[in-house]
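Novice: Dumping the structure here so I can ask a few things about it.
Read-outs: derived from the displayed coordinates by stated rules, not from any lab. On a predicted model such as this, the values are computed, not experimentally measured, just so you know. In this analysis, Cβ positions are derived from the backbone assuming ideal geometry, glycine residues included, and neighbour counts consider all displayed protein chains.
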Amino acid sequence: MIHDLPTKFGAHEEKPLVTRVEFPHSGVSVEGQFRLNEFATLEKDPLEFLRLYLKVRGNLKEVERALGLSYPTVRARFETLLRALGLESTPEIPALEGSKEASLNALERGELSVEDVLAQLEGS
């Protein structure tokens, strides 16, 4: 029976170290010490979020719709995912220069919230 890779051991935060890799169809096994990348050690919930995020091509508004959650909740989960991957959180998106259309396009891509766009449009 094949199991999911455990990503934690007890209360320890250490990452697992793989010591054997098997290729069942060819009958080849390789032993050594192999590091797992940051994606391989994601826990179940962040991994499912990442799959959905990729499926909707990085559009947080689509993630919001698919999960039935508010944009701030989805954004918080995205920030949690970034931290789990060891990536820096993106700085606050500066006000877009240019047209209302640019702000609306950023909203559509999930780069800005409705509140951010309204604030930008009121400041125009």
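Novice: Once amide H atoms are placed 1.01 Å from N in the peptide plane, what residues at a sequence separation of 5 or more from LEU112, or on another chain, have their amide H within under 5 Å of its amide H?
Specialist: For LEU112, whose amide H was placed from the backbone, the distant partners under 5 Å are LEU107.
Novice: A further question follows. What translational D, rounded to a whole number of µm²/s, comes out for the chain from Stokes-Einstein when the hydrodynamic radius is the Kirkwood one over Cα pairs, at 10 °C and 1.306 mPa s?
Specialist: Roughly 90 µm²/s, to the nearest whole number.
Novice: Lys/Arg Cβ at +1, Asp/Glu Cβ at -1, dipole of the chain taken about the Cα centre: which of GLY110, GLY32, ALA11 is farthest positive-ward?
Specialist: Of GLY110, GLY32, ALA11, it is GLY32.
Novice: Using modelled amide H (1.01 Å from N, peptide plane; none on Pro or chain starts), what sits under 5 Å from the amide H of VAL18, excluding residues fewer than 5 places away?
Specialist: Long-range HN contacts for VAL18: PHE34, LEU36.
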